[in-house]
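Please treat every number below as a calculation from the coordinates, not as lab data. Everything numeric in this text was worked out from a predicted model, so none of it was measured. Don't worry about glycine lacking a Cβ; one is built from the backbone with ideal geometry, like all the others, and counts go over all protein chains shown.
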Amino acid sequence: MSVVSNQELVLVTGKGGVGKTTLTAALARAAHRSGRRVLVTEVAPDVHNPSPVLGYFGKAQYREEEPVLIEPRLFGVRLTPPIGHRQFLRAALRVRLLVDTAMKSAALTRFLLAAPTFPEIGLIYQLVELLRSKKFDQIFVDLPATGHAIALASLPKVVHRILPTGLIGDAIGEGLAIMGDPKRTAAVVITLPEAMPVTESVELIDAFSKCSIRVASAVLNKLPPDPFNHDERKSLTELLERRRGTGEPRLLGTRELRRLERAQNAQRSFHEVLPPDVARFEVPLFEGLDHRRVAEEMEATLSRPVRPSWGPR
Amino acid sequence: MKLAELIRTKEVVVCCGAGGVGKTTTSAALGLAAARAGRRALVLTIDPARRLAQALGIPPMGNAPVQIDAALLEAAGVNLPPGAELHAWMLDPKVVLESIVDRFAPDEDAKRRIRETRLYKALSEVMTGLQEYTAAEALYDFNEQGRFDLIILDTPPSRNALDFLDAPRRLARFLDERTLSLFAPDAFAQKSSTLVRAASKVVHTAISKAFGESFANELQHFLGAFGTLFGKMRLHAKGVRQLLMSDKSAFIVITSPEEMALEEALFFKRRIAELGLVAEGFVLNRSYATDGVCQTPAELIELEGWTTGVDAEALRKLGPLADHEMRRGRADRELLGTLVLEGRRDGGQGAIALPYLDEAVEDIPALAQLSSHILASD
């Protein structure tokens, strides 16, 4: 069992700051290592800022429209509204000169970027074009954080209703067919061992399933190691209880101990509240490593089947 | 950074920052601090932090701000001075869009026509893009009404959170009549020049080929119906920008001691500057930087004279956790130092640290604790 199998589209999402981008990079690496042709992408408003996910592959500054070759069989590109807009205008107008004129028209580009939902339509169009190209066995998308990811996931259905025909309508229809098929699309939700992020990940899974996108796996990231046995934990709890309110200085390490307790409670609830058909994975906390090394460690962890300490029976 | 002074004197405080740094919590704590300082404060948030909302008694996605019950605050030991109020609203883009139509449409018939277009229905269904507009719109509105002394705005939790800052400008561009006339030449016929009409034809061809003929027609129809609203909305867009640029408003960047935090915080500061605004400073959230005197487990073992047994073993194993805390304390103090320096550039005031609390901030007592730190920051 692994986080994703061979679906052509893999969508990675989660609350901000939980390790979404690292997971995207790790999953893409693993797929690449297993011999697939892989494209790694992220959703970005434009190409002006360095790309976090491409940064894992040394291509943070890559700004072009065509996927860049990172290594044999491994490619990277960004999904941005302007690229998608240019592509569909090119398909619509066919004449290159006309497209350039149209994209130079400040009014048109402003409209496409400012009118609600149009930027997202551009993103989806670019993604569908990449899927259509059949150049990749698997495309990994680092989606935005929860709220924007849900909005993005719900968009195709709505757009398809108002735009059933035309270039965009056709592309979106195709996108919907791919995203609605669990054999072709796998969504992965990543979260942290804390109460609120775990609750939110369940809501995210619900929201995705309402958009007909099945969440295949959930990853619990940054689980702190537990050095204590039962008796030692009990001894510490009693010690802290005795010290409470005595005016003794704070005992260093107790803050981390509380964090550990909270993480373990959250871990328990992670396994309790997730829908039964979602596969669960756990990734330990890697400290003192830079983000690229963390991605490597994460890849290694996820390649081994995980037996959660509190699994569903 | 004199955070306490900001919340005592400003009319708008915008909280920016990456996702996951505790922006919503900090916004709520700032609101509570402002109320404790005697102001009528409103916290506008887009990110629904459910537990916090529950603790404050706010319904998710209600259609108006809700005043936090003074009894709830008193129960947690927080007494507001006379006249002070704390309100909160989780923005629902749908509701704000409705209210725009309600206020600006000239008559019932126009309202009905707008609501009936499929595009409007789709717009109100799809949240994307609307969050930013509605935040800007609500901000302007409440400021105009003068119902609140201070509005704390929690921006959306993503790197493009700053779309919000740019929203008024983008909105203004979008609502520019020259832009609109390309799409709905009929609605602006008398003003259209030959050139505009020709350009409009190209655009129409592009749109109808890309989106389908019927959509292109509908788009024109929609913009035609919405046409009368645009002038007023454009004034708003200008108003929002003026408000955000003025002395009445302050921008702060919230960050936390994670690996990428500094980079992200600087990114936000730069983006704010690019938009012609000033970031007052950084708030380093959940930091160990302000930790006071502590005892290490090793010291305690020695003090107690324990050598063997489960107590000694437990404390010995606590050692690495204590070391971790110490390292993080040092790292956080260093980070704070850097943030103070960076925060003072370009007219900013520096940075302050808010402490890591032992429990997740999900109730009023924890919020009150944070707000005390904010009030003590002068």
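Counting Cβ atoms of other protein chains within 10 Å of each Cβ in A:286-294 and taking the mean gives 1.
Which angle from 0 to 90°, rounded to the nearest 10, does the C-alpha axis of helix A:146-162 make with the longest principal axis of chain A? Rounded to the nearest ten degrees, it is 30.
Within 10 Å of the Cβ of each residue in B:289-298, the mean number of Cβ atoms contributed by other protein chains is 3.
Rounded to the nearest 10 degrees, the inclination of helix A:254-273 to the longest alpha-carbon principal axis of chain A is 60 degrees. Taking a straight line from the alpha carbon of B:Lys10, these aspartates and glutamates sit under 13 Å away, with near neighbours fewer than eight places off in the same chain left out: B:Asp149, B:Asp247, B:Glu280. Taking each residue as 0.36 nm, the span from B:Asn63 to B:Glu98 lengthens on full extension beyond its C-alpha to C-alpha distance by 11.6 nm. Across A:Met196, A:Met298, A:Met179, mean-square fluctuation computed from a Gaussian network of chain A (C-alpha pairs under 10 Å connected) peaks at A:Met196. In plain terms, if you count all Cα to Cα distances in the range A:178-220 and split them into 10 Å steps from zero, the share in each step is 31, 50, 18, 1 percent. Distance between Cα centroids, the range A:29-95 to the range A:193-232: provide it in whole Å. What the calculation gives is 29 Å, centre to centre. Taking amide H atoms as placed 1.01 Å from N in the peptide plane, the amide H of A:Leu74 lies under 5 Å from those of A:Val38, each 5 or more residues away in sequence or on another chain. Overall form of the range A:1-76: oblate. Here a/c, set by the Cα gyration tensor axes a ≥ b ≥ c, is 1.5 or more, and a/b is not larger than b/c.
Largest mean-square fluctuation among A:Ala279, A:Ala187, A:Ala26, in a Gaussian network model of chain A whose springs join Cα atoms under 10 Å apart, belongs to A:Ala279. Highest mobility in the GNM of chain A, judged by mean-square fluctuation with C-alpha springs under 10 Å and restricted to A:Asp277, A:Asp142, A:Asp231, is found for A:Asp231. Panel note: the C-alpha atoms of chain A, placed on their principal axes, show extents of 79, 41, 36 Å (largest first).
Relative to the longest principal axis of the Cα atoms of chain A, the long axis of helix A:195-210 makes an angle of roughly 30 degrees.
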